[in-house]
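S.K.: Please find one structure pasted underneath; my questions will follow.
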Amino acid sequence: MFGDKGFFGGLFDFNGDGKLDSFERAADFAAFAELMDEAERNEADEDEELDSDDSDF
């Protein structure tokens, strides 16, 4: 799906060979997974804030 560039377009290509080896791919995926977890936490916080606003009526 993302080819040899990973989720971040080669940001984690530490050795500069244009491809991600297993370590670089793992770092790429770990960063992606952390961003997704953070986005889910933020979304849950926003939903919680919206729910608390409904109780003011």
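The values are calculated or read from the model by the stated rules, or taken from the named source; none is laboratory data. Remember, it's a predicted structure, so these values are computed and weren't measured experimentally. Keep in mind that these areas ignore ligands, DNA and RNA; they rest on the heavy atoms of the full protein, side chains included. Shrake-Rupley method; radii C 1.70, N 1.55, O 1.52, S 1.80 Å.
S.K.: Select from segment 33-57 the residues that are among the hydrophobic types (A, V, I, L, M, F, W, C), open to solvent by 100 Å² or more (accessible area, probe 1.4 Å) and at pLDDT 75 or above and list them in ascending order.
M.R.: none
S.K.: For segment 1-40, what are the residues that are in a loop (DSSP other than H, G, I, E, B) and hydrophobic (A, V, I, L, M, F, W, C)?
M.R.: Within segment 1-40, M1, F2, F7, F8, L11, F12, F14, L20 qualify.
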